[in-house]
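Okay, structure first, notes after.
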Amino acid sequence: MPPSLPRLFLSKAAPEVNVGDRLRLHFKREDDTKISTLQPLLLASKNQLERNPCASSFTTGFVPSTPLYDFIQKEVDGESGVVKTARKPYHLTYRIEDFIQQASYAHFLESGKLLPQSKLPVGVSDEEYLGGIMSFCNHDIQRYVVGRAIERDTTSVNLCKGLVGEMFEKFSEFDFRNGPIRRKFDGIKYAVRKCENVLYELAVTEREGGVVGGEEPKAKKQKVEEDGEVESFVDSGELAAIKKRFEDYDATREIVIKKCREIQKGAKNSIFAMHRGDLKRAKTLIEMCETVGNEILIIIKDEPTLRQGSFSNSLEEYAEALLFWTWLDNGSVMTFEDFKKIEINEEEYLGGICDLSGEVGRVAVQYGTKRDQEGVQKCLDTNLSILIGLEGLYLPGKLSKKMDPLKQSVQKLETVLYELSLIQSKGGGFVSVSNEAQPKEEE
C-alpha cells in the first residue's frame with residue numbers, strides 16, 4: 001500500500017473560508033427557473049399579437065387573473081400604491097420590460113393610446129415602465145406603420161405619428177442619465193422620422209382620384225373633443241408624476257454619491273495604514289466608514305435601488321478593509337454573518353473577500369523579501385482557502401472576473417514559496433525557477 005500523500009501547499013494552519021449555505025443558495029441560478037417559466041408565456045402572447053392583432057381577445061394575456069399577468073404580479077411583489085422596488089433577480093427586469101412592451105402594443109391596438117402605468121401590476125418600477133413603452137415605440141410602432149402603409153392606411157399612420165410625437169415631446173422634459181433609458185429615448189426621434197417619411201411617401205405615390213386607406217375600428221380613430229382640441233394620446237398627469245419621482249431620485253442619488261466618497265476614501269486609507277503597520281489608525285477609519293454607511297442606509301430606505309452603483313462599490317471596499325484588518329489581527333477570514341456593524345449583501349461580501357486576496361499577496365511579497373518562508377506559507381494558505389471556498393459558486397457579473405486574478409495570485413505565491421525553499425537549501429543567494437514573465441495581478 002502506498003504511503004499517504006500530504007495535501008499540496010495547504011498547511012494544517014490554513015484558515016477555513018466557509019461561504020455558508022446562505023451564500024451558496026443566494027448564488028444558485030434560481031432566476032433561470034423564473035425566466036424559463038416566464039419566457040413561454042411571453043412568446044405565446046407575442047405569437048397571438050403577430051397572428052391576429054385585430055382580434056378582440058389579444059389582450060387576454062395582459063389582464064388580471066391570467067397566467068402571464070399573475071406571474072408578473074407575483075414577481076414584482078409590490079405593495080398597494082408603491083411603484084418603486086428594489087433590484088429584481090438577474091435578467092427578470094428585462095422580461096418585465098418585454099411584458100410591458102407587448103402590453104403597450106395590445107393596448108394601442110385596442111384604444112389608439114399609450115398604456116398608462118396604472119394598468120400594470122403594482123410594483124412595476126418607473127424604469128421598467130419607461131423602458132417597456134419606449135421599446136414599444138421604437139420597435140412595434142415602426143413595424144405597425146410599415147404594415148399599415150402597405151395597405152395605404154394613412155389614418156393609422158397619422159395616429160402613430162401623433163402618439164410617438166407626443167411621447168417624444170413629453171420625454172424631452174425628462175433629464176435622463178446616460179444609460180439604457182436614455183438610449184431608448186434617443187430612438188424615439190427615429191420613430192417620429194419614420195412616421196413622417198412614410199406619410200410623405202404615401203402622399204407622393206397617391207394615384208390621382210384614388211382612395212388612400214380604409215376605415216379603421218372606432219377605437220383607433222383620433223378622437224376630437226367638443227371644443228375642437230385633439231385628445232391626448234398619453235396620460236400627462238401620470239408622466240408628470242413619474243418625472244417628479246425621477247427628479248427626487250436624482251437629488252437623493254447626488255447626496256448618496258457624495259457620502260460614498262467618504263467611505264471609499266476611508267476604506268482605501270485604512271488599507272494603506274495597515275500596510276504601514278498602523279492598525280490603530282486603520283481601525284479608526286473603518287469605524288468612520290461604518291458610521292457613514294449607516295447614515296446612507298437611512299437615506300436610501302425609501303429608494304432601495306440607490307444601493308446599486310456607488311454605495312455598493314464603497315461597501316465592497318469597506319468589506320475588504322475589515323476583512324484585511326481581521327486577518328492581520330488574528331489570521332482568520334470573517335464569514336458573511338460576522339459583519340454586524342453595517343449591513344452588507346452577498347455580492348459586496350464576496351467582492352471584498354476576492355479583493356482581500358490582493359492585499360494578502362502584497363503582504364506575501366513583504367515576507368518574501370525577508371525570506372520568511374513561514375509568512376509566505378500563511379499568505380498562500382489564506383488565498384488558496386479563499387479560492388477553494390469560492391469554487392463551485394455561480395458568480396454574476398464583475399465577481400466572476402475576479403476569479404482569474406485570485407487564481408493567478410495563488411500560482412504566484414506557490415512559485416515564491418518554491419523559490420524560497422530553493423534559496424534555503426542553497427544557504428542563501430538568489431534562485432529563479434522560470435524566465436517566463438508572470439501574469440500581472442489585477443489592482
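Laboratory data are not the source of any read-out in this text; all were calculated from the coordinates shown. Just so you know, these numbers come straight off a predicted model, no measurement behind them. Cβ sites come from the backbone with ideal geometry, for glycine too, and all protein chains shown count toward neighbours.
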Expected vector for the stretch 397-412, Karplus 3J(HN,Hα) from phi with 6.51, -1.76, 1.60 and θ = phi - 60°, integer Hz, x for Gly and Pro, equals x, 5, 5, 5, 6, 7, 6, 5, x, 5, 5, 5, 4, 4, 4, 5
Check each of the trypsin sites (Lys or Arg not before Pro) in the stretch 271-324 and keep only those in coil by DSSP with at most 12 other C-beta atoms within 10 angstrom; list them in order.
-> Arg276
Loop-only check: which GluC sites (Glu not before Pro) in the stretch 121-157 are DSSP coil with at most 16 other Cβ within 10 angstrom?
-> Glu151
Prolate/oblate/rounded label for the stretch 298-430 (Cα gyration tensor, a/c 1.5) | prolate
Are there GluC sites (Glu not before Pro) in the stretch 230-295 that DSSP marks as loop and that have at most 14 other Cβ atoms within 10 Å, and which are they?
-> Glu231
Highest mean packing first, using Cβ neighbours within 10 angstrom, the peptides 328-336, 351-359, 371-379 sort as 351-359, 371-379, 328-336
Net charge of Cβ neighbours under 10 Å - reference Thr291; Lys, Arg +1; Asp, Glu -1 = -3
P(r) of the stretch 249-337 in 5 Å steps, Cα pairs, percent per bin?
-> 3, 15, 25, 21, 16, 10, 6, 3, 0
Protection proxy ranking, peptides 360-368, 314-322, average beta carbon neighbours within 10 Å, highest first = 314-322, 360-368
